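What follows is a short report on a single structure.
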């Protein structure tokens, strides 16, 4: 993956890694989970994934409307389709959080700063594609980790996460294809 100094430049990856680490910390630390109802823990983990999906909607929407997206219909169409998939993921996660008795958080901490940072991204389009590919890989790993956790006790959440994972794996593949064709 990217070197540490490159990760600092990749705000998307940094956000996704941070959200994945929150989940990892919760799942690794028995002290954080001891005595907590399983439902509360499940809602907290799903909230972190919802935050990642919100970031992805913004990221893909901005790429669809970027200079490269406006000049290249294939780029715009691909990123708009991915933004639409991420919106579906947000809705599925929100419904699952509500089914578990929670309230979906559509304004996670730091969202305003993320939006501002996204709009200031001035890296080349190829670099942004590389950053998105790295972020997609991280998202795929995050979903796999959560599926392994939920498999033990919550088949409904597993079904939601597996559906989203299939899309994320396709996004990763599409990103690789775009990167190859854009370089060529």
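No value in this document is a laboratory result; all are computed from the given coordinates. Values in this document were obtained by computation on a predicted structure and should not be read as measured data. Neighbour counts run over all protein chains shown; Cβ positions are idealised from the backbone, glycine included.
Extending 7 Å from the Cα toward the beta-carbon at both residue 98 and residue 145 defines two label points whose distance is 2.9 nm. Mark the label point 7 Å from the Cα of residue 88 along Cα→Cβ and return the residues of segment 142-166 whose backbone N is within less than 12 Å of it. From segment 142-166, the list is 163-166. What whole number of Å gives the distance from the Cα centroid of segment 66-112 to the Cα centroid of segment 129-184? Cα centres, segment 129-184 to segment 66-112: 14 Å.
The calculated FRET efficiency for residue 153 paired with residue 81, based on their beta-carbon distance and R0 = 35 Å, is about 0.55. Each peptide among 54-64, 156-166, 97-107 gets the average number of other Cβ atoms lying within 10 Å of its residues, and from highest to lowest they stand as 54-64, 156-166, 97-107.
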